[in-house]
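Below is one structure; the comments refer to it alone.
Just so it is clear, none of the values below were taken in a lab; they were calculated from the coordinates. Everything numeric here is computed off the predicted structure, so don't read it as measured data. As a convention, Cβ positions derive from the backbone with ideal geometry for all residues, glycine included, and neighbour counts pool all protein chains shown.
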Amino acid sequence: MHDFTCTMPKIIFGNGKVREIGVLVKGYGRKVFLAIDPFLDRQGVTHEITGVLERESLVVFPFSGIESNPDCFSVDKAGCLAKEQKCDFVLAVGGGSVIDFGKGVAVVAGNPETSWKYTRRKDHSPLIPGKTTLPVIAVPTTAGTGSETTHFSVLSNPELREKSTIAHERIFPRLAVIDPELTVTMPSGLTALTGIDVLAHAIESYINVKATPYSKMVGIEAIRLVATYLPQASSNGRNMTAREHMAWASTLAGIAIAHANPTLPHALAQAAGGYIHAPHGGSVAACLPEIMKISYMADLESFGEIAVALDPSVSELPGYRCAEKSVELVERLFRDIGCSVRFGDFGLIEDNIERVTEIAMTGYFTGINLHPRIVDRDEIMRIYRACL
């Protein structure tokens, strides 16, 4: 058993909890940098949250100029604004992109240099966020990335057409407010794609060669929940039981990857997604089954346990067949929710594969090295071709 430490934010979970946000955050300072999803802003949510905060005598600086797959240059500009405005903490309300954006703002506002210099890469030694990094409060509105419970901030660099990650305990949210009611308006397609991200987080943390008893415990529960409730949430977004369980699954899977890094599927998905600007869940969906096919022999026990979590009826199968079944069950789930996608659907072509492979090996070498099946450059290129 590996040595391990458990770290996570304070979690407040429940329907309607966002309406208590003013009381919940007032101890973190007087002035709030409110990073909010632009869709929510257009729906008037910024005004509502600002009102709740101002009733607790907080001063709000709202910012909604946030795109999916947030880029490091936008983060730098917003971080400078937060510093100029003397904001005391960041409140991020939205999906994973918004929460990652908010974490990046917290780093730039409280530290010197640009956000990209804090990302974990092979081509530079990352700077370390200091004690002056602003506190982050996270309110997720999707059941997907689990960013509300991780110390990761994934940023894009449009000049390089790459993604990389700030990874440090100082960007763990101090507080995560998970209100399943906020996920009800997600359309079916987005529900499915973000749910696949939950599943991938849980699977990858479970098979990680440095997985701990803690990460395995929360990861396998997330897999069970996704198998049962993602099809329900995708087919009927008003099913609050399904929404609640998927919100909790996302939280658990976020905790899992915070304690056992994502592995090869996320490494290849992030590299390709950053290059072609594809939706994150779609990028993961494009390669997860193919990578499972080449990996289950490397850890028959873990893949067998994943299969049982997806479908308890397979528990009587022999070990090899049970592990192999995990691939079939994931593919079946993808078909059930209408997410059998390929990288080619998002614009990746054969001529891009060599470059995207280089990006994966530079920016996501950690996940590659923690995967149970050892892969080299040629194998990564073969996987990308198989997933076109």
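Tabulated values for the structure
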read-out: Three-way shape label, segment 188-386, alpha-carbon gyration tensor, a/c 1.5; value: oblate
read-out: Furthest towards positive pole of dipole, I368, T228, A242, structure part segment 188-386, Cβ charges; value: A242
read-out: DSSP H segments from the chain that extend 24 Å or more along their own axis, Cα-based, with Kyte-Doolittle mean of 0.0 or above; value: 188-207, 213-235, 240-259
read-out: Label-point separation in nm, L317 to D376, each point 7 Å along Cα→Cβ; value: 3.2 nm
read-out: Rg to Rh quotient for the chain, alpha carbon positions, Kirkwood Rh; value: 0.96
read-out: Size of charge dipole - the chain - debye, nearest 20, with Cβ of Lys, Arg +1 and Asp, Glu -1, no other charges; value: 800 debye
read-out: Distance from segment 346-369 to segment 156-224 (C-alpha centre basis), Å; value: 20 Å
read-out: R120 long-range amide H proximity, modeled H, under 5 Å; value: T165, I166, A167
read-out: Magnitude of the charge dipole, segment 188-386, Cβ model with Lys/Arg +1 and Asp/Glu -1, debye to 20; value: 300 debye
read-out: Relative contact order computed over the chain (Cα-Cα under 8 Å; 6+ residues apart), in percent; value: 15 percent
read-out: Three-way shape call for segment 283-354 based on the alpha-carbon gyration tensor, with the a/c threshold at 1.5; value: oblate
read-out: Sorted peptide list for 250-261, 310-321, 372-383, 292-303, criterion being average Cβ within 10 angstrom, highest first; value: 250-261, 292-303, 372-383, 310-321
read-out: DSSP-defined antiparallel bridges as percent of all bridges, the chain, nearest 5; value: 25 percent
read-out: Extension gain from I12 to T132, taking 0.36 nm per residue of separation minus the Cα-Cα distance; value: 40.7 nm
